[in-house]
Amino acid sequence: MVGLIYALAVALLGFQGVDPSTGAAHFAPVWLDPGLLATVVFSVGLVVGGGSAYKTAQLRGGGHVVAEHLGGRLLNGDSRDPAERRLLNVVEEMAVASGTPTPPVYLLEDEEAINAFAAGQGPGDAVIGITRGALEQLPRDELQGVIAHEFSHILNGDMRLNIRLMGVLHGILIIGLLGYFLLRSSLYSGAVRGRGGRDQSVLIWIGFGLGLSLVGFLGTFFGNWIKASVSRQREFLADASAVQFTRNPEGIAGALARIGGFGPASLLETPNAPEASHLFFGSALRHPIFATHPPLEERIRRLDPQLAAGLGAAPAREPSGVAATAAPLAGFAAGGAGPAASVGRPTPEHVDYAARLLASIPADLREAAHEPYSARALLHGLLLSGDAAVRKRQLADLAQHAEAGVAEATAALASSLETLDRAAFLPLVDLLLPALRRLSPDQYRVFVENVDRSIRADDRIDLFEWTLQRVLRTHLRPHFEAMPRSRKRVSRLESVRGACEVLLSTLASADHDEAAARRGFEAASAHLGIAGLEQLPADRCGLAPLDTALDELAAVVPKLKRRLVDAAALCIAADGVIEIAEAELLRATADSLGCPMPPLLLGRRGAVR
């Protein structure tokens, strides 16, 4: 349906036409002149294709490109502003609860409206954007509801779809967008000059902008139609997911109600709002041709019928639209679903766990995680060996090869790290990833070399060290290095049989005896449904082959990736107990497959509950 609308838009833009010799718009049927028709169709196709290709290439830079395009300012992780600190704390809690790296947060400083967005190609390069109005007007529970809504877009793939849509639609919107921008800028310029201004060029630019807006009207019409057809239902689902995430329908419903009673509402002032309107929490445009968001009253009614009734909306026939879309709780509960059920679906228990875990991290470690220089020292500190001789060698290597002072800073953080709960290690890595992305390319290269030296200082790689390397590879490498193009999607697991054998054999043997490893492998093989899988001997599997296998399995379609995650869980749970290092191994495996998984809720002996 969307493809059909897009093709129709391009065709009608061509048939509407612009005479390339005069620049005049043709509102008569251009197809009466075959030569003019061919020229117009070619020209429009060139403009549409070129505009889409340009915007798509630009957006490959990640979510920060969108945030900066909309006028966002990156918030420092160590901000002392109370409102900014509250926002950053909420984002960190949501990130830890959902098992994703903490996304950078951008503030739309000049926007008084209440609104927010998520942008990026995936969890590894996602950003959260929020307006000044939302930061100042929303209390914490409503802010949490809005952020949970945006995390739903990150986790469920909406964000990737939205940013691709933004690139593809730019081609048919470009003429109208240019006219809108020129018209708005010219009117603003004329207002600034005042009645006494003598520069008549403003009127010329107003006329030019109006003409382009008229010519591009069809592109704008169909572009908004496509955005509305894609995004409206996804907003309902993100609202429901936010309630499942926080178990607090009043939070997000209250934010929506506040928008309805707030002067600027959710409307944005930036001239770039039209092309990104479908990314936002609330409607960003005053009178869109097709609304990209459902009516506020309808969204509130599905979340909180009593609040909707208080606002004058008609009561809903059903109590709420949330229960029908809520996912089952994930985990290893008796008779429950496997961990893949929790991918993209964190629960209130995960949010509570994240809040407690973050509160347990000493203040000096949290502060260190927010600045690029100290974040490097903190990560090196996580790799320090418990063996005094190996630790001495690691610090000596840092003193020789790292930037001046990094070794000393690492040693200074060591005492706090020794008091840190082992379960907080990987969430702490998630907190410091945004700071590490701010390294220069040269700093990144030296940092990665030093991480490798620290890991190999004792001539072995343990599960945590491999997990840490894998997380850095997944979330930092694409930011600093040119990555090969994605391979064709794999829709049958039989096509990657060898990689599946490496994955299951390696995970089944992780810290297990031979009998438990065999049970785990057989259970996982049965779950994958691939006949005749062979459990590999130790010399044909292991952490190094696992790296290669995960790179190959990353091309598998999402539905099969979830099956792989559950199979991996069956392997590591073969002995009935999952230790923290094994939970981290599972998390890194799922993360490498593009399936961010909330933390497993561990009992005293590491048993999953």
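The values are calculated or read from the model by the stated rules, or taken from the named source; none is laboratory data. Because the structure is predicted, anything quoted here is derived from the model rather than measured. All Cβ positions, glycine included, derive from the backbone under ideal geometry; neighbour counts span all protein chains shown.
Which one is farthest from Pro82 (Cα to Cα), of the residues in region 115-151 that are in a helix (DSSP H, G or I) and aliphatic (A, V, I, L, M)?
My answer is Ala148.
Being β-branched (Val, Ile, Thr), outside any loop (DSSP other than H, G, I, E, B) and touching a residue at least 60 places away in the same chain (Cβ under 8 Å) is the filter here; which residues of region 94-108 pass it?
Once the filter is applied, which keeps residues that are β-branched (Val, Ile, Thr), outside any loop (DSSP other than H, G, I, E, B) and touching a residue at least 60 places away in the same chain (Cβ under 8 Å), region 94-108 yields only Val96.
State the number of residues belonging to region 321-370 that are buried (at least 18 other Cβ atoms within 10 Å of the Cβ), modelled with pLDDT under 50 and not hydrophobic (A, V, I, L, M, F, W, C).
Total meeting the criteria: 2.
What single numbered condition from (1) part of a helix (DSSP H, G or I); (2) surrounded by fewer than 17 Cβ atoms within 10 Å (Cβ to Cβ); (3) within 24 Å of the chain's Cα centre (by Cα) fails to hold for Gly498?
(3)
Can you tell me which residue among Arg470, Arg456 is in a helix (DSSP H, G or I), crowded, with 18+ Cβ neighbours inside 10 Å, at pLDDT 90 or above and not assigned by TED's automatic domain parsing to the domain that holds Thr102?
The unique qualifying residue is Arg470.
Being more than 31 Å from the chain's Cα centre (by Cα), at pLDDT below 90 and under 29 Å from His350 (Cβ atoms), is that true of even one residue in region 577-585?
yes
When you scan region 519-542, do you find a residue that is within 26 Å of Gly124 (Cβ to Cβ), outside the structural domain of Ala424 (by TED's automatic domain parsing) and assigned to a loop (DSSP other than H, G, I, E, B), even just one?
yes
Within region 389-432, take every residue that is farther than 19 Å from Arg456 by Cα and among the β-branched types (Val, Ile, Thr) and give me the one that is surrounded by the most Cβ atoms within 10 Å (Cβ to Cβ).
It comes out as Val429.
Name the single residue that is farthest from Val429 (Cα to Cα) among those in region 65-109 being more than 18 Å from the chain's Cα centre (by Cα) and of a type in the set (S, T, N, Q).
Checking each candidate, the answer is Ser79.
Just one of the numbered conditions (1) crowded, with 22+ Cβ neighbours inside 10 Å; (2) hydrophobic (A, V, I, L, M, F, W, C); (3) at pLDDT below 75 is not true of Leu214; which one?
(1)
Name the single residue, out of those in region 256-277 being farther than 19 Å from Ile300 by Cα and assigned to a helix (DSSP H, G or I), that is nearest to the chain's Cα centre (by Cα).
Across region 256-277, the extreme among qualifying residues is Ala276.
Could you run through region 425-444 and say how many residues are farther than 21 Å from Asp551 by Cβ, part of a helix (DSSP H, G or I) and out of contact with any Lys or Arg (no Cβ under 9 Å at 6 or more places or on another chain)?
Matching residues across region 425-444 total 6.
Kindly provide the set of residues from region 433-451 that are farther than 22 Å from Gln394 by Cα and surrounded by 20 or more Cβ atoms within 10 Å (Cβ to Cβ), ordered by number.
Residues satisfying the conditions are Pro434, Ala435, Arg437.
Output the residue which, of all residues in region 501-518 that are touching an Asp or Glu at 6+ places or on another chain (Cβ under 7 Å) and in a helix (DSSP H, G or I), is farthest from Arg587 (Cα to Cα).
That would be Ala516.
Please go through region 406-420 and give me each residue that is hydroxyl-bearing (Ser, Thr, Tyr) and assigned to a helix (DSSP H, G or I), ordered by number.
Once the filter is applied, which keeps residues that are hydroxyl-bearing (Ser, Thr, Tyr) and assigned to a helix (DSSP H, G or I), region 406-420 yields Thr410, Ser415, Ser416.
Step by step: first the residues of region 28-76, then only those that are outside any helix (DSSP H, G or I) and farther than 25 Å from Ile163 by Cα, then the one that is modelled with the highest pLDDT. Which residue is that?
Asp33
Go through (1) among the aromatic types (Phe, Trp, Tyr); (2) outside any helix (DSSP H, G or I); (3) modelled with pLDDT of 85 or more and name the single condition Phe290 misses.
(3)
Going through region 237-255 one residue at a time, which ones are buried (at least 17 other Cβ atoms within 10 Å of the Cβ) and either in a strand (DSSP E or B) or touching a Ser or Thr at 6+ places or on another chain (Cβ under 9 Å) (or both)?
Ala238, Asp239, Ala240, Ser241, Ala242, Val243, Gln244, Phe245, Pro249, Ile252
Can you go through Glu84, Glu111 and tell me which one is in contact (Cβ under 8 Å) with a residue 12 or more places away in the chain and surrounded by fewer than 20 Cβ atoms within 10 Å (Cβ to Cβ)?
Unique residue meeting the criteria: Glu84.
Quick one: in region 484-530, which of the residues that are within 18 Å of Pro545 (Cα to Cα) and of a type in the set (Ser, Thr, Tyr) is modelled with the lowest pLDDT?
Ser509
Does Glu112 satisfy the condition of being assigned to a helix (DSSP H, G or I) and out of contact with any strand residue (DSSP E or B) (no Cβ under 6 Å at 6 or more places or on another chain)?
When the stated conditions are applied, Glu112 does not pass them.
Counting only residues that are over 16 Å from Gly386 (Cα atoms) and either at pLDDT below 95 or not assigned by TED's automatic domain parsing to the domain that holds Arg366 (or both), how many does region 409-427 have?
Of the residues in that region, 4 qualify.
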